[in-house]
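Colleague: Below you will find the structure I want to go over with you.
The values are calculated or read from the model by the stated rules, or taken from the named source; none is laboratory data. If you're wondering where the values come from, they're calculated on a predicted model, not measured in any experiment. A quick note on method: Cβ atoms are made from the backbone with ideal geometry, for glycine too, and the neighbour counts reach across all protein chains shown. The area values use the complete protein model at the heavy-atom level, side chains included, leaving out ligands, DNA and RNA. Shrake-Rupley method; radii C 1.70, N 1.55, O 1.52, S 1.80 Å.
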Amino acid sequence: MEIAIFPRWVLCKFYTDFNRQYQLNILLSNILVIAFFLLFKGQIIEWMNLLPHYCLFDKLFRIECPVCGTTRSLTALASGQFEAAYNLNASSVLVGLFFLFQIPIRALALTEKVTATSINRISTIVGRVLIAVIVISWLTKQIIQS
């Protein structure tokens with residue numbers, strides 16, 4: 001569940017080792033996502049409203065998908081509105097924490113004080129637990145609403 005959006009040609013300028021490029025990519029990508037939400041928290045929802053919205057999950061099953069409200073929730077988090085973020089999508093608070101969690105662990109992996117393999121394993125486990133929490137939270141919400 002890591003975010004890695006920088007092209008390899010950019011990362012090659014910093015490190016020649018693929019593993020370090022990978023760690024740097026995740027580190028910079030998460031910093032970029034967090035910075036985006038913090039800098040543009042007032043405009044993100046306005047921009048999203050300009051785009052056509054189509055949720056295949058909603059169209060097929062006529063219920064909200066497990067990640068419905070995540071963007072709005074992360075925007076509320078960036079604005080310091082923790083209760084609103086929780087109400088929009090409770091599991092999105094954990095997604096935001098996961099983004100924050102990636103910054104120190106990837107920085108550690110770059111310093112080689114902890115092996116990149118260990119960091120990747122930890123991140124994979126935390127990511128899988130997060131996905132399970134998202135699904136369980138969504139299922140609980142569906143059961144309560146029905």
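Colleague: Restricting attention to helices (runs of 4 or more DSSP H) lying wholly within segment 12-100, give those where 1 or more residues are acidic (Asp, Glu) and open to solvent by less than 80 Å² (accessible area, probe 1.4 Å).
Modeller: It comes to 56-61.
Colleague: Then there is this: Take the conditions of a type outside the set (Phe, Trp, Tyr), in contact (Cβ under 8 Å) with a residue 40 or more places away in the chain and more than 20 Å from residue 27 (Cα to Cα) and apply them to residue 90. Does it pass? I'd like the intermediate steps shown before the answer.
Modeller: Working: of a type outside the set (Phe, Trp, Tyr): yes; in contact (Cβ under 8 Å) with a residue 40 or more places away in the chain: yes; more than 20 Å from residue 27 (Cα to Cα): yes.
So residue 90 fits the description; yes.
Colleague: Residue 123 passes all but one of (1) in contact (Cβ under 8 Å) with a residue 60 or more places away in the chain; (2) among the hydroxyl-bearing types (Ser, Thr, Tyr); (3) open to solvent by 50 Å² or more (accessible area, probe 1.4 Å); which number fails?
Modeller: Unmet condition: (3).
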